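Shown below is the structure under consideration.
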Amino acid sequence: MKKTHNFEAETGRILELLTHSIYSNKEIFLREIISNSSDAVDKARLKSITDTTFLKEGEKFEIKLDIDKEKGTITITDNGIWMTEDELHKNLGTIAKSGTKEFVDKLKAAKENSEHNLIGQFWVGFYSAFMVADSVEVTSNSANNGNEAFKWTSDWKTGYEVSKALKEWRGTEIKMFINEANKELLEDWKIRELVKKYSNYVGTPIMMKELDNRNDEDKKKEPNKVFNYEKINETTAIWKKGSNSVKEEEYQEFYKTISSDFNKPLCHIHSSVEGMVSYKTLLYIPLEKNMFKDIRDPSQEYGPKLYVQNVLILDNAKELLPVWLRFVSWVVETSDLPLNISREMLQSNATLDKIKKALVKKVISELKKMSRKEPENYAKFLDNFWEVLKEWIHYEAELKESIAELLDFKSINESKKISLDVYLENCKTEKEEDKKTIYYITGKSQSEVLASPYLAQFRENKVDVLLLTDHIDSFIVQTLNEYKWANLKSITADDIELWETTEEDKKEKEEKAKEFKDLLELTKNTIWAEKIEKVELNDKLGSALWALKTPTGWVDPQMEKMMKAMGQPVPSQKRVLELNPKNALVSAMQKEFKADIKSEKLSDLMKYAYNQAVLLEWGELENIAEFVELTNKFAGGYIK
Ligand code: ADP
């Protein structure tokens, strides 16, 4: 007696959703089944390189399509790698794919919101057969097992069965009993159309069996007539064709098959290189994030499909791709590598190194091109992938400037994000040969950085400042340090001169410095000496009373926080405390200083100033209780 197995709960849910999906989604079933067959053939082709007995004489790898109108079936047969009894259970009874949960959720949402048509945007895999079939039979056999095969059957509603069956030779046969609603699929032209649309470039010949259009009498006369098969897809791989002979839709359709991203890519790079190393390559840069892959995770599967002499050697040749290029989808084919190349050999292979280097340059130049050609799409791309680009700067010292050129940033003067080049163009200096400065401020949010007292003087002078609020930005500016002919400088650095000072200004400054000198000295000694390098006056702080600066050569507060979070040792950092002499509270300090140098009020004011300045740069207070007490004192009318 046959034993019926239940599908996993998750699989059941998917099947339920698929079988009730709207009509326009259904045609993708063929793409899914053919893609599985093509994967199986790719694996078998690789095996046949080392095992000379794998192929029987005259055998060619192919996928066969057979429509039987009378029985209402479509059968797809391949001679690829097979499934054992266990594998039939494991592969077709469960869903092991990551992201399935998200998929089911999205699908459910789409159903509720029926104008969406989401199924076509996923690789739903084998189960999509049930969108068009009442039941499905999968028979699989290995090459050395005689005719003994195993058959998986299911009508999806009552679970599935696996039993012994007969099938000649290696491979898998998938027979779909097409349901009433989809009888149109049993037309020869329809299937040809679907193959052209979705599976033209699978890389294995898809052979369509001639239809049996004979009348009953003729059939009786010759019941065992042999029918011919005709190749109906393009078997010259897309990357081997000249770029002018591939249509835009074909590029886009192929992108789906190698990226599992169903959005349009930003662009593609298709090239054929002849020389010391010859290779053909087709690479896509995405526009949107792939919902099944977390782009921030460098441990995910990535890397090109590597073909050597028409054989798919590796699906994810990680070794060929710098980790920060993990967002691209890529196929590369070369005849300059041995067929039996292993992962170890890939890691240290001069041929591949050359390909890798050339590729990195190509990606950079293509992105630059896109930033000019399609600025809106490019901005979208950056919104989705800036994290990886910044990581890239960190890893690639040699290329850091070219990569920085690709990024964009918020700034105080511009409503849209701007590139570093645009910043430089907007900079006005009298002498062109002057080394320019790109000013920035780092912090953890826009509201935080916009609250900085140091922005006042930049606003006043109409000098733009980049607002760097990503956690990695402090690293980036430190790694870059310079960009083209400009220095990068934090606005909290202690050596910023925004305008030339007049003699009058200088004099006034000196006088003020003299007047406040002793107060500043005392302030420094009252606050923790190890925290403060010096105390200075700054009358360009706008309405702020005081603020902290980072002396040149010291790590800025954002970087300090980041290093601490990463468990790296950070030597105790000193700051420069600046007091605004134009402010009433600072004048009050000076008055108090003159009246009673040992006054408690004075020392409280100094500590209060320092703590507030620390808070302004979102630093951590050394002694919160003391600060609360000080605040309470002031609130209680300590200063009237
Ligand atoms: P996916 O192809 O994304 O893994 P599917 O649900 O389409 O998901 O298929 C599940 C698995 O079943 C495949 O990973 C593969 O191992 C196996 N399989 C499906 N079709 C075939 C086939 N024609 N030949 C060999 N194995 C197959």
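The values are calculated or read from the model by the stated rules, or taken from the named source; none is laboratory data. Computed from a predicted structure; not experimentally measured. As a convention, Cβ positions derive from the backbone with ideal geometry for all residues, glycine included, and neighbour counts pool all protein chains shown. Accessible surface areas use protein heavy atoms only, side chains included; no ligands, DNA or RNA. Shrake-Rupley method; radii C 1.70, N 1.55, O 1.52, S 1.80 Å.
For Lys591 and Lys157 in the same chain, what is the full-extension length gain: residue separation times 0.36 nm, less their Cα-Cα distance, in nm?
This chain segment gains 147.4 nm when fully extended.
Same structure, new question: What whole-number value in Å² describes the accessible area per residue of the chain for a 1.4 Å probe?
Heavy-atom SASA per residue in the chain reads 51 Å².
Divide, for segment 408-490, the radius of gyration over alpha carbons by 2.2 N^0.38 Å, where N is the residue count.
1.04
Just from its helices, what would the mean residue ellipticity at 222 nm be for the chain, if runs of 4 or more DSSP H residues each count -39500 (n - 2.57) and the sum is divided by every residue, rounded to the nearest 500 deg cm²/dmol?
So the helix-based figure for the chain works out to -11500 deg cm²/dmol.
List every residue whose amide H lies under 5 Å from the amide H of Leu287, counting only residues 5 or more places away in sequence or on a different chain, with H placed 1.01 Å from N in the peptide plane.
Leu266
Under a crude label model (7 Å from the Cα following the beta-carbon direction), how far is Asn623 from Ser419 in nanometres?
Taking the two extended label points, one gets 5.3 nm.
For Lys380 and Ile472, what does the FRET efficiency come to when R0 = 22 Å and r is the distance between their Cβ atoms, rounded to the nearest 0.05?
0.60
Can you give me the relative contact order of segment 408-490 as a percent, contacts being Cα pairs under 8 Å and 6 or more apart?
Value for segment 408-490: 38 percent.
Another question, then. Between Arg296 and Glu508, what's the calculated FRET efficiency when r is the beta-carbon distance and R0 is 51 Å? Round to 0.05.
So the FRET efficiency works out to roughly 0.50.
Okay, next question. Suppose R0 equals 56 Å; then what is the FRET efficiency for Lys43 and Ser447 from their Cβ-Cβ distance, rounded to the nearest 0.05?
Once the sixth-power term is evaluated, E becomes 0.55.
Aspartates and glutamates near Lys219 by alpha-carbon distance under 18 Å, same-chain residues fewer than 8 away left out - which ones?
By straight Cα distance, Lys219 reaches Asp66, Asp68, Glu70, Glu210.
How would you order 399-411, 203-215 from highest to lowest mean count of nearby Cβ atoms within 10 Å?
399-411, 203-215
Compute, for the chain, the length of the dipole vector about the Cα centre, with Cβ point charges of +1 (Lys, Arg) and -1 (Asp, Glu) only. Units Debye, rounded to 20.
Computed about the Cα centre, the dipole is about 480 debye.
How big is Rg to Rh over the chain, alpha-carbon atoms, Rh as the Kirkwood inverse-mean-distance radius?
1.15
Taking the Cα atoms only, what angle lies between the long axis of helix 100-112 and the longest principal axis of the chain, rounded to 10 degrees?
90 degrees
Please give the length that would be gained between Gln347 and Glu521 if that part of the chain were fully extended, namely 0.36 nm times their separation in residues minus their C-alpha to C-alpha distance (nm, one decimal).
56.6 nm is the gain from fully extending Gln347 to Glu521.
Then there's this: Largest first and to the nearest Å, give the Cα extent of segment 503-635 along each principal axis.
Extents along the principal axes, in whole Å: 46, 40, 25.
Using the alpha-carbon atoms, what tilt in degrees (0 to 90, nearest 10) does helix 375-395 show relative to the longest principal axis of the chain?
Value to nearest ten degrees: 70.
Straight-line reach from Lys512: which aspartates and glutamates fall under 13 Å, measuring Cα to Cα and dropping same-chain residues less than 8 apart?
Counting by Cα, and skipping residues close in sequence, Lys512 has these aspartates and glutamates nearby: Glu504, Glu536, Asp539.
For the chain, take the longest principal axis of its alpha carbons; what is the angle in degrees between that and the long axis of helix 9-19, to the nearest 10 within 0 to 90?
The helix 9-19 is inclined about 70 degrees to the chain.
Let me ask another. Quote the charge dipole size of segment 238-386 about the Cα centre in Debye, to the nearest 20; the model charges only the Cβ of Lys and Arg (+1) and of Asp and Glu (-1).
I would put it at about 400 debye.
Quick one: length gained pulling Lys368 to Tyr395 fully straight, 0.36 nm per residue minus the C-alpha distance?
Extra length from Lys368 to Tyr395 when fully extended: 7.8 nm.
Something else: For the pair Ser271 and Ser543, how long in nm is the line joining their label points, each one 7 Å along Cα→Cβ?
5.6 nm
What part of the accessible area of the chain, given as a whole %, is carbon or sulfur when the probe is 1.4 angstrom?
The computed percentage sits at 49.
With the contact rule set at Cα under 8 Å and sequence spacing of 6 or more, what percent relative contact order holds for the chain?
8 percent
Additional query: Just name one of Pro223, Gly636, Ala358: the one whose Cα is farthest towards the positive end of the charge dipole of the chain (beta-carbon charges, Lys/Arg +1, Asp/Glu -1).
Pro223
Tell me, Kirkwood radius of segment 166-277 from alpha-carbon pair distances, in Å?
17.7 Å
Go through segment 266-314 and name the trypsin sites (Lys or Arg not before Pro) that are in a DSSP coil and have 11 or fewer other Cβ atoms within 10 Å of their Cβ.
Loop-located and lightly packed - Arg296.
Obtain the nm distance between the two label points defined at Lys240 and Lys225 by a simple spin-label model: each point lies 7 Å from its Cα along the Cα-to-C-beta direction.
So the two model labels end up 3.4 nm from each other.
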